[in-house]
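Enquirer: What follows is a structure written as structure tokens; I'll ask about it next.
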Amino acid sequence: MSLRLGAMLPEVLRHLFKKPATVQYPFQKIGVPKGFRGKPVMDPNLCIGCQMCVRDCPSEALEIHKESESTDEAGKVTKRFSMTFYLDRCSHCAQCAEVCPKKAIHMDTEFEDAAFDRGALKLTYK
Amino acid sequence: MSTFILPVGPQHPALKEPTSFRFMVDGETVVDADLRLGYNHRGIEKGCEERTYIQDLYMLERVCGICSNVHMTVFAQGVEKLMGIEPPKRGLFIRCLMGELERVHSHLLWLGVAGHEVGFDTFFMYTWRDREIVEDILEMISGNRVNYGMQTFGGVRRDLDEMQIKKALEGIAALKARTPYYLNIGATEPTLVARIAGVGKLPKEKALELNAAGPTTRASGVDFDVRKDDPYAGFGEHIPFNIVTDEGGDVLARVVVRAKELMESYNICEFILKNLPAGEIRVKAPRKVPEGEVVSRAEAQRGECIHYIRSNGSDKPDRVKVRAPTLANWPATLYMLRGGYVADIPIVMAAIDPCLSCTDRMAVISDVRKGTEQVMDWEGLRRYGIEFHRKRGIKL
């Protein structure tokens with residue numbers, strides 16, 4: 001292989017006439033793929049309060065609280081649970097969604113989650 | 001001969017992460033080099049002892065941003081050994097695939113960084129543009145671009161569908177067509193060759209003696225690769241590949257080895273994607289791990305990555321020790337720097353692809369003159385801190 005000066009020059013000149021490799025974010029956005037791990041969203045109707053997500057969360061970003069407990073005429077006990085979720089601690093690993101036995105948690109595709117106020121990152125699902 | 005000590009770090013504009021170098025220089029020549037680690041201690045190992053195995057998996061993934069998947073793989077396969085479970089074949093193949101895709105992204109990143117360190121920013125721009133292709137594949141498969149979170153005890157967390165396989169193959173074909181061009185540029189562009197040929201020499205016997213790892217040692221002609229020598233995941237069975245070595249032992253050889261390893265990784269990825277066995281991707285893993293100890297290793301992009309795990313029968317490990325490949329490469333780097341020029345320091349250091357925060361574990365303060373070592377507990381450290389500030393007239 002012989003050395004030649006400016007070996008990359010033809011490639012560089014060719015690229016002068018190509019469109020840029022980047023997009024003008026935030027005016028132009030590339031979508032995220034189907035399985036993207038955004039923030040967890042919880043459906044309180046499905047939650048049974050087993051605390052598996054709380055136990056497995058590596059960054060302790062979840063809390064499950066019992067909201068109400070009612071007994072109907074047939075003696076069936078219905079419990080409702082809420083989830084407090086701290087987005088500022090979340091590492092988006094989706095372990096909570098994976099471990100949930102009732103599939104009450106799923107990850108959304110939202111990626112612009114930043115906020116100026118830490119309080120705005122505390123979310124409650126009930 | 002009069003020498004002058006040139007301190008670099010712990011905080012220095014040229015360093016990306018904190019560490020402390022002392023270069024003994026005679027004019028422009030580096031006579032001797034010394035290194036002090038321990039400025040980036042994050043307490044990950046101790047943290048692991050206080051969390052469950054599942055939580056540790058994600059914490060150890062964050063030992064490094066570039067080789068996140070390798071740390072997860074090593075920990076997962078170590079714990080699997082303790083649990084006595086064997087992941088299904090499809091799971092192991094996907095495990096290998098993630099490892100190779102990660103190697104591709106890391107080597108492309110490194111090629112760019114090497115170009116940047118020697119002032120060849122055009123090279124950096126093109127390799128990083130192409131790196132986006134593999135990043136997109138990783139994001140498509142795992143749902144994230146950096147911390148993929150793919151490995152778990154008993155296999156992998158996500159399966160591949162036909163559409164993903166097709167897209168991944170297209171991406172790899174594009175990269176495969178592109179990479180020989182970089183290899184060609186690396187070997188024929190005279191300004192680049194003049195800058196990196198003969199710089200940071202590491203002869204084969206020194207590479208063995210100083211226990212260098214990964215592409216650094218392979219560029220000195222040592223054909224060691226954990227994938228071949230102690231096969232893990234799917235490598236032992238059916239995945240064919242060749243170890244890339246070069247006899248040069250200089251920075252140019254390290255560029256060539258990494259560029260050729262890229263081609264090998266593309267072949268491995270294509271093989272896995274085309275021959276993915278059918279079946280399950282994971283088996284169920286218990287929460288508690290039986291008592292025992294294990295050493296687990298894998299070939300990271302930068303070399304051999306080792307985890308030592310000791311379990312006590314509970315759901316939390318008793319001890320986790322992480323040996324990142326950069327630690328193995330430091331003695332060799334100090335050897336390479338000796339006799340070189342001050343201007344060569346950045347590229348010689350960059351050539352091992354260092355990752356300082358991966359490397360930093362517990363540091364023991366030793367007084368070299370007195371030959372004493374000192375270990376402080378939390379309370380002692382607190383008292384020392386208060387005393388330190390009080391002596392300097394700061395009221396606490």
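The values are calculated or read from the model by the stated rules, or taken from the named source; none is laboratory data. These numbers come from a predicted model, not from an experiment. Ideal geometry is used to build each Cβ from the backbone, glycine not excepted, and the neighbour counts take in all protein chains shown.
Enquirer: Return the pairs, sorted by first residue and then second, in which the second residue is surrounded by fewer than 24 Cβ atoms within 10 Å (Cβ to Cβ) and among the β-branched types (Val, Ile, Thr), the first residue lies in segment B:136-155 and is more than 8 Å from chain A (Cβ to nearest Cβ), the beta carbons are less than 7 Å apart, and the residues are 6+ apart or on different chains.
Expert: If the second residue must be surrounded by fewer than 24 Cβ atoms within 10 Å (Cβ to Cβ) and among the β-branched types (Val, Ile, Thr), the pairs left are B:GLY154/B:ILE85; B:GLY154/B:VAL283; B:GLY155/B:ILE281; B:GLY155/B:VAL283.
Enquirer: Related question: On the given criteria, is A:GLU67 under 16 Å from the mean Cα position of the chain (by Cα) and either modelled with pLDDT under 90 or over 28 Å from B:ILE44 (Cα atoms) (or both)?
Expert: no
Enquirer: Looking only at residues in segment A:85-103 that are assigned to a loop (DSSP other than H, G, I, E, B) and among the hydrophobic types (A, V, I, L, M, F, W, C), which one is nearest to the other protein chains (Cβ to nearest Cβ)?
Expert: A:CYS93
Enquirer: Would segment A:32-55 turn up any residue that is more than 21 Å from A:MET107 (Cα to Cα) and of a type outside the set (A, V, I, L, M, F, W, C)?
Expert: No, because not a single residue in segment A:32-55 is more than 21 Å from A:MET107 (Cα to Cα) and of a type outside the set (A, V, I, L, M, F, W, C).
Enquirer: Let me ask another. For residues in segment A:29-43 being surrounded by 16 or more Cβ atoms within 10 Å (Cβ to Cβ) and away from every other protein chain (no Cβ under 12 Å), which is nearest to B:TRP128 (Cα to Cα)?
Expert: Residue satisfying both the conditions and the ranking: A:LYS39.
Enquirer: Continuing with this model, one more query. Suppose we filter B:GLY47, B:GLY43 for residues that are surrounded by fewer than 17 Cβ atoms within 10 Å (Cβ to Cβ) and within 14 Å of chain A (Cβ to nearest Cβ); which single one remains?
Expert: Being surrounded by fewer than 17 Cβ atoms within 10 Å (Cβ to Cβ) and within 14 Å of chain A (Cβ to nearest Cβ) holds for just one of B:GLY47, B:GLY43, which is B:GLY47.
Enquirer: If you don't mind, there's one more thing I want to ask. Determine whether segment B:204-215 contains at least one residue that is in contact (Cβ under 8 Å) with a residue 60 or more places away in the chain and charged (D, E, K, R).
Expert: Yes: one or more hits.
Enquirer: Here's another thing I want to ask about it. Residues of segment A:14-28 being surrounded by 10 or more Cβ atoms within 10 Å (Cβ to Cβ) and either touching a strand residue (DSSP E or B) at 6+ places or on another chain (Cβ under 8 Å) or in a helix (DSSP H, G or I) (or both), which ones?
Expert: A:HIS15 - this is the single residue of segment A:14-28 that is surrounded by 10 or more Cβ atoms within 10 Å (Cβ to Cβ) and either touching a strand residue (DSSP E or B) at 6+ places or on another chain (Cβ under 8 Å) or in a helix (DSSP H, G or I) (or both).
Enquirer: B:ILE243 passes all but one of (1) under 18 Å from the mean Cα position of the chain (by Cα); (2) hydrophobic (A, V, I, L, M, F, W, C); (3) crowded, with 19+ Cβ neighbours inside 10 Å; which number fails?
Expert: B:ILE243 satisfies all of (1) under 18 Å from the mean Cα position of the chain (by Cα); (2) hydrophobic (A, V, I, L, M, F, W, C); (3) crowded, with 19+ Cβ neighbours inside 10 Å except (3).
Enquirer: Now, a different point. On the basis of being of a type in the set (Gly, Ala, Ser), within 11 Å of chain B (Cβ to nearest Cβ), surrounded by 15 or more Cβ atoms within 10 Å (Cβ to Cβ) and without any contact (Cβ under 8 Å) to a residue 60 or more places away in the chain, does A:ALA7 make the cut?
Expert: Criteria met by A:ALA7.
Enquirer: If a residue counts only when it is modelled with pLDDT of 90 or more and loosely packed, with under 12 Cβ neighbours inside 10 Å, which helices (runs of 4 or more DSSP H) contained entirely in segment B:317-396 have at least 1 such residues?
Expert: Per the criteria, B:378-391.
Enquirer: Moving on to the next point. If B:GLY65 satisfies every condition in (1) touching a residue at least 40 places away in the same chain (Cβ under 8 Å); (2) loosely packed, with under 14 Cβ neighbours inside 10 Å; (3) more than 29 Å from B:LYS316 (Cβ to Cβ) but one, which is the exception?
Expert: Result: B:GLY65 passes all but (3).
Enquirer: For segment B:120-163, how many residues meet the condition of being among the small types (Gly, Ala, Ser), assigned to a loop (DSSP other than H, G, I, E, B) and in contact with a helix residue (DSSP H, G or I) (Cβ under 8 Å, 6 or more places away or on another chain)?
Expert: Looking only at that region, the number is 2.
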